[in-house]
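Notes follow once the structure below has been shown.
The values are calculated or read from the model by the stated rules, or taken from the named source; none is laboratory data. Just so it is clear, the model here is predicted, and its values are computed rather than measured. FYI the Cβ positions are ideal-geometry reconstructions off the backbone, even for glycines, and counts take in every protein chain you see.
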Amino acid sequence: MRFILYFLILSAPAYAQMKITTIKVSDEIIQATVDRVGELYVVTKSGQIQKFDINGKLLSVYKNGPTPTLFEPRDGSRLFTYFKGERKINYMNPSFEVTSAYQIDSAFAIEPWLACSSGDHHVWILDAADRTLKKIEPLKSSLLIDVNLGVVSDDLTTIVTMREYQGFLFLLDKEKGIYIFNGMGKLIKTISSPHLTSFNFLGEELYYPVSGKIAFLNLFSTETREISTGGSFKFVLLTDERRFIVHEKTIDFFEFKP
C-alpha cells in the first residue's frame, strides 16, 4: 500500500500543483519571459511591457515607445530591448527608464534582423543581408565575431527570436525549430520542432512546449525529459518556484517544484 501511494505521488502531473491566481491584461500578449530572479514580464501587441512578481502583483509598466522586436530582462536590473525598425538597442532599469542606448552601425550589420545581449557589454546580431551572426562590442565600436549561418533556413523571416545562455546562442525558427550555436557562432545542434513559438531555460536545461508537454534538454549532459502541461496555452514559463501559463489575455500563476 505504501509503495502504491509513493508511486502515485511521484507520477502526479505537474499541472496538479496549486494554482495561486489568474490575472487579466488589457491587450493581446505577444511575448513572455522571466528574469533570473523569477519575476514575469509580458509584452503586449500595443507595445506595453508589464512586470509581475511571483504572486501576480503588477510591479511596473513600460508604455513609452514602439513594440520591441526582442525583449530580454536578463537579471532584472538591466533590461535589454531591441527595436528593429530603428536599429536601436536600449538598456533599461527595473522601472523601464532607459539608462543607455545604441544605434547599430551599418558598418557592422546592413540588415540587423535580430539582436540579443551577450554578457554585460557585448551584443549578438543576426544580419539578414549577408546571412551572418556577428558579435559586437558597442562601447568600443568593435566587431568580435563574424560567421556565416551555413545550413540555417534560407528564409530568415521565420527566425523570430534569439538568446544567449550558458555560453550558447539559440535561434528560434517558427517553422523548423531551435538552432543551437557555440560561443564562436558555430552551429552544433538543431532541435526539429515545427510551429514552435517559444523556448526558455531552467538551470542547465533548455525547455520548450511540444505536443501537450514540456520537453527539456540538459545543455551539458544532453539528457532529455518531459513533463505534462495539463492544457492549452500561448506560452509556458518555469522558475524554481512558479509555473506561469500565459494565454492571449490572461495569465495563470501556479506553484511549481522542478
Yes or no: THR197 surrounded by 12 or more Cβ atoms within 10 Å (Cβ to Cβ), under 23 Å from ARG36 (Cβ atoms), in contact (Cβ under 8 Å) with a residue 12 or more places away in the chain and touching a strand residue (DSSP E or B) at 6+ places or on another chain (Cβ under 8 Å)? yes
Tell me the residue from ILE227, ILE251, ILE188 that is in a strand (DSSP E or B), surrounded by fewer than 20 Cβ atoms within 10 Å (Cβ to Cβ) and in contact (Cβ under 8 Å) with a residue 40 or more places away in the chain, please. ILE227
So, SER106, is that one among the hydroxyl-bearing types (Ser, Thr, Tyr), in contact (Cβ under 8 Å) with a residue 40 or more places away in the chain, under 25 Å from GLY65 (Cα atoms) and out of contact with any helix residue (DSSP H, G or I) (no Cβ under 8 Å at 6 or more places or on another chain) or not? no
Those residues of region 61-76 that are modelled with pLDDT of 95 or more and hydroxyl-bearing (Ser, Thr, Tyr) come to a total of 1
Can you give me the number of residues within region 200-213 that are free of Cβ contacts under 8 Å to residues at least 60 places away in the same chain and in a strand (DSSP E or B)? 9
Inspect region 220-228 for any residue being touching a helix residue (DSSP H, G or I) at 6+ places or on another chain (Cβ under 9 Å) and farther than 22 Å from ARG36 by Cβ and give the result as yes or no. yes
Note on THR250: of the conditions (1) touching a strand residue (DSSP E or B) at 6+ places or on another chain (Cβ under 6 Å); (2) among the polar types (S, T, N, Q); (3) closer than 28 Å to ILE125 by Cα, unmet is (3)
PHE244 - would you say it is outside any loop (DSSP other than H, G, I, E, B), over 13 Å from the mean Cα position of the chain (by Cα) and either surrounded by fewer than 19 Cβ atoms within 10 Å (Cβ to Cβ) or not hydroxyl-bearing (Ser, Thr, Tyr) (or both)? yes
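Give the residues of region 138-147 that are of a type outside the set (A, V, I, L, M, F, W, C) and modelled with pLDDT under 95, sorted by residue number.
PRO138, LYS140, SER141, SER142
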Out of (1) assigned to a strand (DSSP E or B); (2) more than 23 Å from ASP75 (Cβ to Cβ); (3) of a type outside the set (A, V, I, L, M, F, W, C), the odd one out for ASP105 is which? (1)
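Out of ASP53, ASP105, ASP35, report the one residue that is at pLDDT below 95, surrounded by 12 or more Cβ atoms within 10 Å (Cβ to Cβ) and of a type in the set (D, E, K, R).
On inspection, the qualifying residue turns out to be ASP105.
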